[in-house]
Amino acid sequence: MTAGILLLTIFLPWAGALFVWLVGNDRPRLQHSLAVGFSVAGGVAGLALLALGSPDEMVVLSIGGAFGNFSFRPDGLGVFLATIATVIGSLAVIFSVDYMRHEAQLGRYYALVLFFIGSMSGLVLTGNLFLMFAFWEMTALCSYALISFYNDDPKAVAGGIKALVMTQLGGIGLLIGAILSYSYLGTVEINVLLDKAELLPSNVLGIMAFGFLIAAAAKSAQFPFQTWLPDAMEAPTPVSALIHAATMVNAGVYLLARFYPAFAGVPGWQEAVMVVGMLSALLAGLMALVATDLKRVLAYSTVSQLGYMVYAVGAGGVFASQFHLFSHAIFKALLFLGAGAVIHSAGTRDMREMGGLGKQMPFVRTVFVIGALALAGIPVLNGFWSKELVLEAGLQGGATWMFGVMLFTAGLTALYTFRCVWMVFWGEPHHPAHLHDAGPAMKTALAPLAFGTLFSWLLAGSFSHLLEKTLPYHDIHAVSLVEILEEVIFAPATWIALGVVALGVLTWVFRDSLRLWQEVFAGIGQTARQSFGFEWLNQAVVRTTIQVAEDLRNLHTGVLNWNVLAIALTLLVVVVILALGA
Amino acid sequence: MDAGRALLLLLLIPFAASPVIYLTGRLSVLRQGTGLWLARWFTLIVYLGMGLPLYTLGRYVLELGPVDLKIGRIVLQMDGLGLFLAVTVWLLSTLVTIFSFPYIRGEEDEEKYYALLPALSATMIGLGCTRDLFNLWVWFEAMAITSYLLVAFYHHQKGALEATVKYLVQSAVGSIMILHGISLVFARTMTLDLQEIPPLMADSGLFGLAAGALFVVGFGVKIALAPLHTWLPDAHSRAPSGISAMLSGVVIESGLVALLRALGTLSQASPAWGALLLGFGAINILIGNLMALRQEEVKRMLAYSSVAQVGYMLLGFGVAMSYGIADGAEGGFYHLFNHALMKGLAFLAVGAFLYALYITKGSHAPLMVSDLDGASKKYPLTAFALSIALLALGGLPPLAGFVSKWQIFVAGAEVRSTPLLWLIIFAGLNSVLSLGYYAPLINRMYRNQPSEVVQAGQPIAVLISLPLLILTLAIVAIGFFPGWMVPLNASAASSLLMAFGFR
Amino acid sequence: MFYLPNIVLVVVLALLGIGIYCILISRNLIKIVVGLQIAVKGAFLALVLAGKLASQIDVGQSIALTVIVADTIVAVVALALAVQIRRKFGTLDVHALMSLRR
Amino acid sequence: MVDLFIGAGILFCAYKAMQENRLLVSALWLALTSALVSWMMYRVGAAEVAVVELSVGAGLVTVLFVFAINIAGDESLTRQSLVPRPLAWFAVVFSMGLLVWMIMPALQSERMRAVLEQTGVLAGLFRSVLWNDRRVDTLMQVVLFFAGALAVLGLIGEPNKSREERE
């Protein structure tokens, strides 16, 4: 029963992908309905799975050898991320019905989105490192194909390839970790690795731990790989909401949380994780402050919030990080889809050309503001609770100065969130024409997300129970909702944080009287606009590679004599090497 | 069917059929003919006819062990390795034959094409199962000679002639070096039997190393070990697409199998061979990828990517030969098989585009990267097939290339040595680099605005689409069920390990 | 000094060297085929010597015969190619065969 | 002693064939090389194959060369080589020198000396080795002939009429 439902969350979307693709682009209506049907069915399966979480392996397909056994395990971490993937996935698909109406090549779009949803479920549910790596790469593949969905736009193509290359670079870390596991433990079973981590030589465990950290950082667009996510915003907006906010980018955090018990003992690992999270949160927050492209602001804020989760894992707060992941997935999907509705109507992504849209799009304004308040960490929305838990975990498990930086970033978050909302929905209208509010399908998708943003924190207690029940290696203690609320409310950290957030809001409100400070921060803003030099670094690497390739091409003269000379010289070199070796 | 007779049939059918195909074809040409269909279909029947003995052999070899066929003092022994090569060759050649029906139709020398194709396949099958060192060279040379005209098939084109002359001269230089290596081994061991030689070559010192160097460089020309690869992009890009698929998918790999067999004789002379192959593997991967990065001609790009893919196989085999790790050999063979499928599909799909965009209009212009803009609008299946092939070559799941690369990497880690771990990281980085040229090509095909060439394109024949479909399905299926190929790979791997004295 | 294998070995490898050198420096395609033939002569000798040293001179002869046949065929194909290239390109100069590069 | 002279003669002829710029003369030097090689083969004890080499290597191949040069024409090309001569010289001399150095000591073994002392080879054994023991090689020559013939036919064939009209 559980096994069947588990497989359904993977194969229902995949089957949908196949059917939508086979239907062909001549019948867009059928494609829309098939996509919605299969994704909603997947979402239902995901919700059903949530109730059936269990620590046991449910599906095992024996392959053996270097591939291990194909096993799936519906434990707490897995089912809950799978549920996010399938449910938010289905909402994104519903949203697409309006958003992608009249687009060409719908089959490719829906097939890839559905394929992604299934792969994401697989990634979080599998108990086998080989499969995990495979699903990991599959999600990267879908992400690439969807970012460059508008293939005629060179920026989209470049963004897609950049995302693919960077996540693959990180993927090598996961690959190395996985094959080392096979090499030393003779298996690619995740639970065996968690169980026997202490038996590994410490240097091997260290390589694995940092390899996984690199993989996670690349996937979650953390420092120093953060540059791909903003460029990924060339994707259609539902894709940004689903893949680049709610699901795939969370895979990095999931990876760290999943393997936390194995690597927590590696010297320096926890600190490294926290520093990565902190730097990402801070730098991305600063970049969000100066960006003018609506989707880019949201992308930077995603990087920043993922930084919070990574920081929490590093500090030992696996539950806090997952809880924040849960909240973030909901409110960020809401924000992105809301932004999608705005962009769909306004026809631009530049916030300087928006302004005063609130009156014309009241529904979108309402839900967007709900999402924004959650992002800013205003009580009593879901973002508030989870962020406070993250901060508290950080205070307990990490250095105080890092906690200070994270607090500062919390204020920064409030500041850029208010700037963004104000620039889009209030302020001077730059758009003369009348804009229509969101369509019916869009509303259908936005409403549940807004509802979730308001109330999802009520699930915190049962979520912690699920984690405790099904994760044998993580040492998580179940706490009830009331306990969590008490903990948050009575912790001094909460009130400090709220103060900082209020300060951030006030900074925005009184921005005109703070001109002097703006001058001071202009320099930082300038550097932030250039992604703190990382964009330059990326381009330098690409340029160098291309230059080397061009130089190498010049060696291929196409002259027969030179070709034969290569043979003669190779013979000489091989003979010399062998003679020296003997 | 008796297994020995099956082996004999497997080799005899294509050789005997070859002149018959030529004569039937020639007669119909002389009669101003319409009768070429007979030659075409006869070729296909020959291949299908080879299927039965191959199946018999396959079952026998996998269940009971090697099949010996003694002719004079030369033993043809179909072991796991030979079977593996035979299956790969047979599969790809059959599909190439079907593909060629429309593709080659109406070209001059069509009958020679169909006559040489089975001969080429048979030489490769024979190469895989001979147990005599010199006989190995004979099959190897026969493979080269049968492929010259196929490469120069468009011999009224300047480019084809140029490519063939480079291919021929470099192959010939390589094969002369092999001969010197063989004479060294023969002079010392007084035998040519591959299985009797190894102990006799023990403690041969520099003498054995000299023979090995000659083997590596000599066979290396055909395998396209960088920097001996310079003939490959020329020949692959100028040959008819079916032949490009054969060259890239099985011919260079047959060279690799021949090298493995030859080096097997020297396994006790020195432990250096595996390390040498690992070194060449790293160079191949890097040079192949860098060269492919800036290519504007599609077939040339794919040719350079073959250089890189051979590097991955070398990594697997190198690990197996140095450390006796079974996963290395299995992964190497797995990648060899998958490469035949992936690169076969890539070249055939590009051939389908060439057919639709140029050949049906009587032009033999090369297919440029920019010609593929928006190709998916008009040719969805072919564009999809090419995308699958490219993504699989890039090592992305859930496709065939991913599983075999994984196995090779796992094998590298099993050695538990730091340099090898770096080598794997290097190979992994290169896999990422390879996406830098595969991905843009895919993006181009899915543009909305088709290029002028595509807009003016002709429809693609059904018989061209059929092999594409089969290969695409195979690549996806292997990605989902990596266990399918394991028995065949494992039996080939155990033959290899046995030759290197690990079992 | 007059030990036969030593002399033959030097001749064999010198022939290979001269052949390869001829291929390296010649611009004329037919000259390149001549270079191949020079190198191949060395290979015949080597095989025959190997047969002798293996005390199976007949096997050596037999395989040398096969090599003679094979390489004559290669030479014939190469010459046919050269002739065809002369027809198409109007020259036998290797320098003219540079359209496939980079 | 005789062997030394033959060896020197072979190398001299090969060198002349390599160095000569006129194709026809070069082909003749090649024929002479071939003849001397077959003499050397005879000295080693391979009487039968020496005859074959004399007829095929020195005879047939030379005829083919002359034939090809006649069709293609003896073009006078500049002696300027595309690869720098010192580089080519370096690659060849060093690799061959190293190989000689690696191989030669092993040829001095007792076993090989003993083999060289043996004289008198059974007559008619060659035929039986060629046709029986190594039958596969011999049969493969048929395949080689067939493929070579097809290749030559394909390569030198002129385009047929209908095709030319089409182009």
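The values are calculated or read from the model by the stated rules, or taken from the named source; none is laboratory data. All of these numbers come straight from a predicted model, not from anything done at the bench. As a convention, Cβ positions derive from the backbone with ideal geometry for all residues, glycine included, and neighbour counts pool all protein chains shown. Note: accessible area is taken over every heavy atom of the protein model, side chains too, but ligands, DNA and RNA are not part of it. Shrake-Rupley method; radii C 1.70, N 1.55, O 1.52, S 1.80 Å.
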Within region D:42-56, restricting attention to residues that are over 21 Å from D:Ala27 (Cα atoms) and not β-branched (Val, Ile, Thr), which residue is surrounded by the fewest Cβ atoms within 10 Å (Cβ to Cβ)? D:Ala47
Quickly run through region A:285-298 and pick out the residues that are hydrophobic (A, V, I, L, M, F, W, C) and open to solvent by 10 Å² or more (accessible area, probe 1.4 Å). A:Leu286, A:Leu289, A:Val290, A:Ala291
Being surrounded by 24 or more Cβ atoms within 10 Å (Cβ to Cβ), without any contact (Cβ under 8 Å) to a residue 24 or more places away in the chain and away from chain A (no Cβ under 14 Å): is that true of C:Leu53 here? no
Out of all the residues in region C:76-87, is one or more under 24 Å from D:Val2 (Cβ atoms), open to solvent by less than 20 Å² (accessible area, probe 1.4 Å), within 16 Å of the chain's Cα centre (by Cα) and within 14 Å of chain A (Cβ to nearest Cβ)? no
Any idea how many residues of region B:181-190 are open to solvent by 10 Å² or more (accessible area, probe 1.4 Å) and under 30 Å from C:Ile23 (Cβ atoms)? 2
For the structure I just gave you, tell me whether C:Thr91 is facing chain D (nearest Cβ under 7 Å), free of Cβ contacts under 8 Å to residues at least 12 places away in the same chain, of a type outside the set (Lys, Arg) and not in a helix (DSSP H, G or I). yes
Open to solvent by less than 20 Å² (accessible area, probe 1.4 Å), away from chain B (no Cβ under 14 Å), modelled with pLDDT of 90 or more and within 24 Å of the chain's Cα centre (by Cα): does that describe A:Ile88? yes
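Yes or no, residue by residue, for (1) open to solvent by less than 80 Å² (accessible area, probe 1.4 Å); (2) within 14 Å of chain D (Cβ to nearest Cβ); (3) in contact with a strand residue (DSSP E or B) (Cβ under 9 Å, 6 or more places away or on another chain); (4) modelled with pLDDT of 95 or more:
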residue: B:Tyr22; (1), (2), (3), (4): yes, yes, no, no
residue: B:Arg26; (1), (2), (3), (4): yes, yes, no, no
residue: B:Gln32; (1), (2), (3), (4): no, yes, no, no
residue: B:Arg40; (1), (2), (3), (4): yes, no, no, no
residue: B:Ile45; (1), (2), (3), (4): no, no, no, no
residue: B:Gly49; (1), (2), (3), (4): yes, no, no, no
residue: B:Pro53; (1), (2), (3), (4): yes, no, no, no
residue: B:Leu64; (1), (2), (3), (4): no, no, no, no
residue: B:Gly72; (1), (2), (3), (4): yes, yes, no, no
Of all residues in region B:152-172 being more than 7 Å from chain C (Cβ to nearest Cβ) and part of a helix (DSSP H, G or I), the one that is farthest from C:Gln37 (Cα to Cα): B:Ala160
So, D:Val61, is that one within 15 Å of C:Val67 (Cβ to Cβ) and surrounded by 24 or more Cβ atoms within 10 Å (Cβ to Cβ) or not? yes
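Right, A:Gly397: open to solvent by 10 Å² or more (accessible area, probe 1.4 Å) and in contact (Cβ under 8 Å) with a residue 12 or more places away in the chain or not?
yes
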Helices (runs of 4 or more DSSP H) within region B:392-503 that include 2 or more residues more than 10 Å from chain A (Cβ to nearest Cβ), under 20 Å from the mean Cα position of the chain (by Cα) and closer than 30 Å to B:Ile104 by Cβ: B:400-414, B:462-480
Within region C:1-32, of all residues that are of a type in the set (Val, Ile, Thr) and open to solvent by 10 Å² or more (accessible area, probe 1.4 Å), the one nearest to D:Val63 (Cα to Cα) is C:Ile18
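Per-residue answers, yes or no, for (1) out of contact with any Ser or Thr (no Cβ under 6 Å at 6 or more places or on another chain); (2) open to solvent by 10 Å² or more (accessible area, probe 1.4 Å); (3) over 15 Å from B:Ala224 (Cβ atoms):
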residue	(1), (2), (3)
B:Ala282	yes, yes, no
B:Leu286	yes, yes, no
B:Asn289	no, no, no
B:Val298	yes, no, yes
B:Ser305	yes, no, no
B:Met313	yes, no, no
Top-ranked residue in region A:139-174 [being open to solvent by less than 10 Å² (accessible area, probe 1.4 Å) and among the aliphatic types (A, V, I, L, M); ranked as farthest from A:Pro74 (Cα to Cα)]: A:Ala156
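Can you pull out every residue in region B:78-89 that is surrounded by 22 or more Cβ atoms within 10 Å (Cβ to Cβ) and part of a helix (DSSP H, G or I)?
B:Gly80, B:Leu81, B:Gly82, B:Leu83, B:Phe84, B:Leu85, B:Ala86, B:Thr88, B:Val89
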The one condition D:Trp29 fails out of (1) in contact (Cβ under 8 Å) with a residue 12 or more places away in the chain; (2) within 28 Å of C:Val59 (Cβ to Cβ) is (2)
Filter region A:165-203 for residues that are over 28 Å from the mean Cα position of the chain (by Cα) and under 25 Å from A:Ile63 (Cβ atoms); which is farthest from the other protein chains (Cβ to nearest Cβ)? A:Lys196
Given the criterion in a helix (DSSP H, G or I), open to solvent by 10 Å² or more (accessible area, probe 1.4 Å) and touching a residue at least 60 places away in the same chain (Cβ under 8 Å), identify the matching residue among A:Leu229, A:Leu282, A:Leu242, A:Leu255. A:Leu282
For A:Leu185, are the conditions met, namely being free of Cβ contacts under 8 Å to residues at least 24 places away in the same chain and either buried (at least 22 other Cβ atoms within 10 Å of the Cβ) or assigned by TED's automatic domain parsing to the domain that holds A:His328 (or both)? yes
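Would you check if A:Tyr260 is open to solvent by 10 Å² or more (accessible area, probe 1.4 Å), closer than 30 Å to A:Leu485 by Cα and assigned by TED's automatic domain parsing to the domain that holds A:Ala217?
Values: open to solvent by 10 Å² or more (accessible area, probe 1.4 Å): yes; closer than 30 Å to A:Leu485 by Cα: yes; assigned by TED's automatic domain parsing to the domain that holds A:Ala217: yes.
Yes; evaluated as a whole, the condition is true for this residue.
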B:Asp193 vs. criteria open to solvent by 10 Å² or more (accessible area, probe 1.4 Å) and either within 30 Å of B:Tyr113 (Cβ to Cβ) or within 12 Å of chain C (Cβ to nearest Cβ) (or both): yes
Does A:Gly525 satisfy the criteria of being part of a helix (DSSP H, G or I), away from chain C (no Cβ under 14 Å) and open to solvent by less than 20 Å² (accessible area, probe 1.4 Å)? yes
Would you pick out the residues in region C:23-37 that are without any contact (Cβ under 8 Å) to a residue 40 or more places away in the chain, β-branched (Val, Ile, Thr) and more than 10 Å from chain B (Cβ to nearest Cβ)? C:Ile25, C:Val34
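Based on this model, can you work out whether B:Pro198 counts as surrounded by fewer than 24 Cβ atoms within 10 Å (Cβ to Cβ), in a helix (DSSP H, G or I) and not acidic (Asp, Glu)?
Spelling it out, B:Pro198 is indeed surrounded by fewer than 24 Cβ atoms within 10 Å (Cβ to Cβ), in a helix (DSSP H, G or I) and not acidic (Asp, Glu).
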Any residue in region A:55-67 that is buried (at least 21 other Cβ atoms within 10 Å of the Cβ), of a type outside the set (Ser, Thr, Tyr), under 30 Å from B:Val486 (Cα atoms) and touching an Asp or Glu at 6+ places or on another chain (Cβ under 7 Å)? yes
Against the condition surrounded by fewer than 21 Cβ atoms within 10 Å (Cβ to Cβ) and free of Cβ contacts under 8 Å to residues at least 60 places away in the same chain, how does A:Gly43 come out, does it pass? no
